[in-house]
Amino acid sequence: MLIIGERINATRKAIGEAIEKKDIKFIQQETLNQVHAGADFLDINCGMNVKDETVNMEWLVDIVQEVTDVPLVIDSPSSEVIECGLKKCNNKAIINSITGEKNRIEQILPLVKKYNTDVIALTMDDKGMPQTAQERFDIAKIIIEAAKGYDISSERIYFDALVRPISTEPNQAKEFLEAIRLIKSIPGSKTACGLSNISFGLPNRKLLNAVFLSMALFAGLDAAIIDPTDKQMISSLRASEALLSQDEYCLNYIKAFRETKPH
Ligand code: THG
């Protein structure tokens, strides 16, 4: 499974302040911490409703790429901010994200084409976030059809079935997992998601997040936006991959054991 490091995100207080102060050292240290912990991609999110968001995105992409070649996931609701980030990317990037909403599709799919990126697609539409697995699956199918119109194949789309808190909606973990299974029944389709919403409002969030990752992997998750420096999360990931035959001769599991010695 691909690990997308989530730590460079302006909604985190320390990162928001580092962007404000243009603290290059701090951002580059966060970058290297995630890369050394095994991130395959780094999510870059410069926040919203700031007047400088395009400038901040360019700055973040530049300083991150000064210290690593790990490819980037450009995370913004604004197509303008996304394009500013993509212009600076040295490697093939992933856009985060489109939805089934017509205007987001029309604004962002041309960028997928122009900059030859992959894209994360949230399974929501003009009506909002769906409750059931079937509704999520139906939106995914609509997005695949829309992408065909731009000559973009389903292999370039990572569907995010949208994790929602079980504290307020107890069925949402099961609906999410079923959505992943349904989407993965489409040949060539891929899935990605953030995890931390699952545990919102509950104690010992890290435990729930780590166990949920294991379940999502079994359902067919291809990529997760997580904190790669979270040892419990990575232990759960390596154990799950070994158990699901996604880790030849359990080599990564053994390596992770040597490095972190979990009990
Ligand atoms: N799907 C997609 N993209 C996403 C998400 C998703 N991008 C953003 C988010 N969700 C994933 N990224 C993060 C980044 C940081 C944190 C959580 C998710 C995080 N949160 C701390 C908290 O909530 O407690 C903030 C604490 C702090 O200030 O440091 O660290 O689901 N496609």
Completion exercise
Of those in region 179-197 that are assigned to a helix (DSSP H, G or I) and within 10 Å of the ligand (Cβ to nearest atom), the residue nearest to P130 (Cα to Cα) is N197
Problem - Answer from R104, R156, R136 - the residue that is buried (at least 16 other Cβ atoms within 10 Å of the Cβ), out of contact with any Ser or Thr (no Cβ under 6 Å at 6 or more places or on another chain), in contact (Cβ under 8 Å) with a residue 40 or more places away in the chain and of a type in the set (K, R) - result: R156
Exercise for the section: Take A223 and decide whether it is crowded, with 23+ Cβ neighbours inside 10 Å, within 14 Å of the ligand (Cβ to nearest atom) and either touching a residue at least 24 places away in the same chain (Cβ under 8 Å) or not hydroxyl-bearing (S, T, Y) (or both). Expected result: no
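Within region 1-17, restricting attention to residues that are without any contact (Cβ under 8 Å) to a residue 24 or more places away in the chain and near the ligand (Cβ under 9 Å from one of its atoms), which residue is surrounded by the fewest Cβ atoms within 10 Å (Cβ to Cβ)?
Within region 1-17, the match that is surrounded by the fewest Cβ atoms within 10 Å (Cβ to Cβ) is K13.
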Completion exercise
Per the filter on region 127-173, residues touching a helix residue (DSSP H, G or I) at 6+ places or on another chain (Cβ under 7 Å) and small (G, A, S) are A133, A140, A146, A147, S154, A161, A173
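Of the residues D160, D118, D151, D138, which is at pLDDT 95 or above and on the phi > 0 side of the Ramachandran plot? Quick ask: steps written out before the conclusion?
Numbers: D160 fails: on the phi > 0 side of the Ramachandran plot; D118 fails: on the phi > 0 side of the Ramachandran plot; D138 fails: on the phi > 0 side of the Ramachandran plot.
Going through D160, D118, D151, D138 in turn, just one is at pLDDT 95 or above and on the phi > 0 side of the Ramachandran plot: D151.
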Fill in the blank from the handout: Here the residues within region 225-259 that are in contact with a Pro (Cβ under 9 Å, 6 or more places away or on another chain) and over 15 Å from A37 (Cβ atoms) are A239
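The values are calculated or read from the model by the stated rules, or taken from the named source; none is laboratory data. What you are looking at is a predicted structure, and each value in this text was computed from that prediction instead of being measured. Here the Cβ is made from the backbone with ideal geometry for all residues, glycine too, and neighbour counts use every protein chain on show.
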